[in-house]
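To keep things clear, I will list the structure first and then write my remarks on it.
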Amino acid sequence: MSCLFQVKMSDDEEAPLVKKTRIFYGSLEEKERERLGREASGSGKDSVKAGIEAGNINISSGESLELEERVTERQSEVLADFERRKRARQITVSTDDAEVKACLRALREPITLFGEGPAERRERLRNILSVVGPDALKKSKKDDEKSKRSQEECQQTWYHEGPTTLKEARLWLARYSLPRAVKRLEDARAHREIPESTRTVRTQELHKTLRNLNNFCSQIGDDRPISFCQFSPNSKMLVTASWSGLCKLWNVPDCTLVRTLRGHNTHVGAICFHPQATLTLEDSDVNMASCAADGSVKLWSLDSDVPVADIEGHSMRVARVAWHPSGRFLGTTCYDNSWRLWDLEAQEEILHQEGHSKGVHDMQFHPDGSLAATGGLDSFGRIWDLRTGRCVMFLEGHLKEIYSIDFSPNGYHAATGSGDNTCKVWDLRRRKCIYTIPSHQNLVSSVKFQPNNGHFLLTGAYDNTAKVWTHPGWSPLKTLAGHEGKVMGVDMSPDGQLIATCSYDRTFKLWMSE
């Protein structure tokens, strides 16, 4: 018989203690290090040795891996930026904002950015200098000073030492021109004595005649465009120049060919009659002069189709030639930015005149022989006193190249034709432009005053027309339309009966009042 003993425990008796786990507060780093150290000391070396023997770890003697090769581009950029900032901190920049702007301008940088203040501008300058180096500012300042000095030198007046022949020529020109000026003024005073009513009637008749101008003759002059035409002083012949290199003499008004002048090998720019040709000169004398794009200048007689002489000295394109009214001197304009004066009696160049910043295209001599006018591709014209060598008037106002220039017989007006489609009239007494004629719809290639008294002005242009204008007044009288190409040259016969125009369409036309 089993017995069950129940033991009843009283509240005073204690319950048996249960064994609790240890709790660590804080970091286990030290313990973990100890554990790893024991493992490494025990089995680390063995495991490395086992890996080497198994061929899993390959260590060759003498091989090394540079740390720099592992540096990425990003890291190099960061290092470069760090170095740049370090340099920037060492650069001293002025606190004067005007000086900061001057430094930025010298470095070809914008002097200010949108919304930028003086402090930001100063910091931008410091950053730029940290990249280009402080020496760049010194170098740019030196360059600016050098260019400023060179500009000052260019603006200084300088002189060539001229030959004694130039001095003699200037004295000769003064003695030649002063009596002619006196005669011109006497003629002007005599013209003033004519009653105004009589002068008005004469002007009205002239204008009526000009309004009745019509095409009298049209002649094919060459296989290439005709660049220039001029009447002889006796009004009985016309000479034309062509891009084929040929020049031709024609009888007018019947337009029959007299002679073909062969000598140029390229575009002929102009051919002009001596002022006394067909009047007092013999046919065997020098009666004409021509120029071409290869820099050649040739002299011609009326009885031969080959040149009498060559004028050598130009190396670039010679655009125009012009005879002095005396016939002793010849002027040539060149694309080397200069024009030259040749004494044909002494057979030498006496003046090589610079003054234009681009090629010189056209020139004309004053009726008295005292002045020369030049027009250049720099859009400026100049009036030169041949007796002193000085530029006495600067023609400023055209927006494009000046292709033609001419003096009025009255002695105090000049006209210029330009690539800006206008013709300007200048007063030499007041030294300014007195009128701008919006003459054409394309480049104005030629301007010409009536040779006897200058009562009208003729203009030719690349809009295929030539126009006649009153002088003074500058109102249009007649448009000479008929060419199929650009009008490249115009001229009026000294007797006032004919007008000639030559064109890119290879023809020249004669115009006469009915």
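The values are calculated or read from the model by the stated rules, or taken from the named source; none is laboratory data. All of these numbers come straight from a predicted model, not from anything done at the bench. Positions of Cβ are generated from backbone atoms using ideal geometry, with glycine treated the same way; all protein chains shown enter the neighbour counts. Ligands, DNA and RNA are excluded from the accessible area calculation, which covers all protein heavy atoms including side chains. Shrake-Rupley method; radii C 1.70, N 1.55, O 1.52, S 1.80 Å.
A few notes on this one:
- The set of residues in the stretch 87-127 that are over 23 Å from D144 (Cβ atoms), outside any loop (DSSP other than H, G, I, E, B) and open to solvent by 90 Å² or more (accessible area, probe 1.4 Å) comprises R87, R89, Q90, E120.
- Where strands (runs of 3 or more DSSP E) fall entirely within the stretch 410-478, those with at least 3 residues that are crowded, with 19+ Cβ neighbours inside 10 Å and of a type outside the set (F, W, Y) are at 413-418, 423-427, 444-449, 456-461, 465-470.
- Residue that is modelled with the highest pLDDT, among those in the stretch 150-175 that are in a helix (DSSP H, G or I) and among the acidic types (D, E): E168
- Selection of the stretch 293-310 for residues being over 22 Å from I350 (Cα atoms) and either open to solvent by 20 Å² or more (accessible area, probe 1.4 Å) or of a type in the set (S, T, Y) (or both) yields A293, S301, D303, S304, D305, V306, P307.
- Answer from A270, A292, A277 - the residue that is touching a Cys at 6+ places or on another chain (Cβ under 7 Å) and in the same structural domain as A322 (by the TED database): A270
- Check on K208, closer than 30 Å to R387 by Cβ, modelled with pLDDT of 90 or more and charged (D, E, K, R): no
- Segments classed as strands (runs of 3 or more DSSP E), wholly inside the stretch 205-292, with at least 3 members that are open to solvent by 60 Å² or more (accessible area, probe 1.4 Å) and over 21 Å from G496 (Cβ atoms): 256-262
- I405 open to solvent by less than 30 Å² (accessible area, probe 1.4 Å) and among the aliphatic types (A, V, I, L, M): yes
- The condition of being crowded, with 18+ Cβ neighbours inside 10 Å and in the same structural domain as I271 (by the TED database) holds for only one of G376, G313, G389, G355, that being G376.
- Residue within the stretch 94-115 that is within 21 Å of S140 (Cα to Cα), in the same structural domain as D144 (by the TED database), at pLDDT below 85 and over 40 Å from the mean Cα position of the chain (by Cα) present: yes
- Candidates D368, D362 - the one that is open to solvent by less than 20 Å² (accessible area, probe 1.4 Å) and in contact (Cβ under 8 Å) with a residue 60 or more places away in the chain: D368
- Hits in the stretch 393-412 (condition: aliphatic (A, V, I, L, M) and without any contact (Cβ under 8 Å) to a residue 24 or more places away in the chain): L399
- Of residues in the stretch 176-204 being surrounded by 11 or more Cβ atoms within 10 Å (Cβ to Cβ) and among the polar types (S, T, N, Q), the one modelled with the lowest pLDDT: T203
- Residue match in the stretch 490-505 (condition: open to solvent by 40 Å² or more (accessible area, probe 1.4 Å), part of a loop (DSSP other than H, G, I, E, B), modelled with pLDDT under 95 and touching a Phe, Trp or Tyr at 6+ places or on another chain (Cβ under 6 Å)): no
- All of N453, N464 fail the test of being of a type in the set (S, T, N, Q), touching a residue at least 12 places away in the same chain (Cβ under 8 Å) and at negative phi, apart from N453.
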